[in-house]
Structures are given as C-alpha cells and as structure tokens.
Amino acid sequence: MNPDSPMQLLGGLTAREFLRDYWQKKPLLIRQALPNFESPISPDELAGLALEEEIESRLVIEHGQQPWELRRGPFAEDEFNKLPERDWTLLVQAVDQFIPEVAELLENFRFLPSWRIDDVMISFAAPGGGVGPHYDNYDVFLLQAHGQRRWKIGQMCDADSPMLEHADLRILADFTQTDEWVLEPGDMLYLPPRLAHYGIAEDDCMTYSVGFRAPSAAEVLTHFTDFLSQFLTNEERYSDADIVPCSDPHQIQRDSLDRLKSLLNEHMNDERLLLTWFGQFMTEPRYPELIAGPELAEEDLLASLQDGAVLVRNPSSRLAWSEVDDDLLLFASGQSRLLPGNLRELLKLICSAESLHEGNLGQWLADDEGRNLLLQLVTQGSLEFADE
Ligand code: SIN
Ligand code: CO
C-alpha cells in the first residue's frame, strides 16, 4: 500500500495526510468511503449472532424499565419480538471473528498497524435508536452499512466530564453540539478518542464500528510489572551499600530515592522484555477459548500440506512480529516466540497471506525451523486447516 496515493476510503486523502492531520486529532466525514457498500450481514443475521453464548452483545432501550436500559446477551429469540417499535439499539461485538466477509473489511485499514485494531462492532437500531451522547477512549471509524444515521459530534471530553447517573452506561450529562451529518450506506465518520458523539437512527439502520486497542497507562504499568516480576528473584532488593551516616534517622533522603529509581530503571529499560510483553499484550485474543489447535506431528502437517491442504489464520487469533538485535519475535494470540533472523519472510507471509499452502510456503517446508514454527502455530490454534 502506497502511503502517498489518494484513498477513496479517506475521502481522497493519502494515508500519510490522514495520519498527520486527523488520526487521534480531529473528526473526518468521508462520503462514500466505500461506494455502494452493502452490508455482508443482514439485521436478522446480526440478531442471530446475539443469541449465541460465546458472542458479546448488548441491547440499549432508551425508554426501557429505566431510561437507557442496558440488557446483556445472549438473548432469547422472543426478546426481540417484544421490543418497542423504536428507540432501541442492538450492539454485537467482534463480528469480524465470526463472519469472514466482515473481517475482509479490515483489509481497507492496512495503513494502520493491525495490532492496533480491536474489532468490528455492528449495531442495528430501530428508528430513533442510539446509545446516547458519550465519548470513547479509542479511535473509531463508523461506517454506515444500512439505512441512515444522524451523527452529532460535540466537545472533547475527559475523566472530569459530567455523566448521567447510570449503573451501566456512560452517558454525557452535557453535549455541546459542534456539527451534524446524516450518513448513508458507504459513508464513514472517523472520530478521535474522547470526542463526544451521538448517533441516532433515522430508519432501520446498521452501523459498523472499526474500533482500536490502546492500553491505558495504568494497564501498561500493572501488566508490564506483573510480567516483569516473573523474572525477578526474591533476593534482588532495595540495597544501600556505601550509605553515609544520616543526620536524621527518620528522614528519607534524596539518595534513597535515587537508589530506588535505579532499581526501577534497570528493569523498566529492558527493551527486550518490554517488547515481548507489549507484543503479547497487544495480540491477546478477545476470545481465548476460540484459539485451540489439534495435536499434530510435524510429518503429518508436512504430508497434509504436500497433499494440498491449505492453512488460514484463525479469525480469533491476533498476529504481529518484531525484531530484536538479529533475532525476530513472533507474537501469536498472546504468546511470543524468539526466531532466527532468516525467518523474516516467512513471518511476513504468515501474518499477511490470505492462506498458506505448498505453493507459497515452498522452500519453507524444507526448513526445519520454518516447519516447526508452522506446526506450533497450528497446534496453538492460531493457524487452522481451511476446511475445518
Ligand atoms: C452505535 O453504533 O450505535 C454506537 C457506536 C458508537 O457510538 O460508538
Ligand atoms: Co461511541
């Protein structure tokens, strides 16, 4: 993908221009980002997904048992029949993991790191339906997929922005509208994190939200230090050889703080561990239970591939790679693996190819480490046989 060629998806901007001027900064309305877009999934099929045990879904009913009633799925089929005529929304999370045609949409967003993308949430709203004025802590691309939705945008918010009292939903108490548009199928609205927005269905309406992952500073610190602590011994401690006699034994002096800081820095600055943790964290699957592979011997994998079998990525898996010194790190669904530098092209192929087969794996099937890597990914469940 050439970052300097104008993209219809971005309203004629190049990826470089969009990232420079809009990404994480300001909203962008793109008319016909995906011209003549037709939703690969119907409202009925979406409702069908919300019946499934393993799929996260929610219903927001504006005038329900209380204002903005939230119900969590899975739902029973007759629950949908009892809904009011208007003013409700059904939201289904991570539809890309269950409907390959929805996952394919993400190919349009390859100008962003794939590990930053979280999922595609799809909402269906009856006329008047919406989830109230709110802000999200993540970037989002809101693609109109069916019917029309009126989007209003407002002020930038933060943790101090007043909220309605509500046990389950974060709805803004104040909304200062700055703009509004009605989106038609194929239109898309990009919103940066923390921008207040409010979408209201004009008619039966489906909206796809391409959402992103960004760990909070608190998550980074707690999870990374948890990860680090596995590698630390009980013997390594705060130490103060060579202290000088203190003038007041009750005072914590500057030099003690400096010793503490150097203890922390020594570990915090370990880039290899930081990268390992980050790659694992960012590739953690949303549904780990959907990542499970068969037990398989290497010769059986090889024989199957030579027999024409095709491997594809498990739609629930997340893959990324990186390099440290002369080595490579492959991150697969929350796990990491250190690999020799000569496997670079194989890693890129595994992360990006639509499918893997004898044709594109070619020489890698004759490479011990390459074969072993493929086997590991199949037994872990990140790769699976296409016909399974
Ligand atoms: C929706 O699709 O109704 C809600 C999406 C959002 O506002 O984040
Ligand atoms: Co939102």
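Quick notes
- The alpha-carbon of K261 sits under 20 angstrom from the alpha-carbons of these aspartates and glutamates, leaving out residues fewer than 8 places away in its chain: D226, E235, E236, D240, D242, D270, E271.
- Exposure rank, largest accessible area first [M268, M156, M7; 1.4 Å]: M156, M268, M7
- Candidate lysines for bridging to K25, where Cα separation is under 20 Å - those fewer than 8 sequence places away on the same chain excluded: K152
- On the basis of the beta-carbon distance and an R0 of 25 Å, R150 and H63 show a calculated FRET efficiency of 0.85.
- Distance from the Cα centroid of segment 347-376 to that of segment 74-117 is 31 Å (rounded to whole angstrom).
- The aspartates and glutamates within cross-link reach of K26, meaning a Cα-to-Cα straight distance under 19 Å and a gap of 8 or more places when in the same chain, are E17, D136, D139, D158, D179, E180, D187.
- Note that the chain presents 52 Å² accessible area per residue, ligands and nucleic acids not counted, probe 1.4 Å.
- For segment 8-212, the direction-averaged projected area of the alpha-carbon convex hull comes to 11.0 nm².
- Accessible carbon and sulfur surface of segment 65-185 relative to its total accessible area, %, 1.4 Å: 47 percent
- Accessible-area composition of segment 307-388, carbon plus sulfur, in percent [1.4 Å probe]: 41 percent
- Using only the C-alpha atoms, the convex hull of segment 288-385 corresponds to 85 Å³ per residue.
- C-alpha center-to-center spacing [segment 261-288, segment 10-46] in angstrom: 32 Å
- Evaluated at q = 0.08, 0.09, 0.15 Å⁻¹, the base-10 log of the normalised Debye intensity for the chain, with identical point scatterers placed on the Cα atoms, takes the values -0.54, -0.67, -1.37.
- Q230-S42 pseudo-label distance in nm [points 7 Å out on the Cα-to-Cβ vector]: 4.7 nm
The values are calculated or read from the model by the stated rules, or taken from the named source; none is laboratory data. No experiment lies behind these values; they were computed from the predicted model shown. A quick note on method: Cβ atoms are made from the backbone with ideal geometry, for glycine too, and the neighbour counts reach across all protein chains shown. In case anyone asks, the SASA skips ligands and DNA or RNA and just uses the protein heavy atoms, side chains included. Shrake-Rupley method; radii C 1.70, N 1.55, O 1.52, S 1.80 Å.
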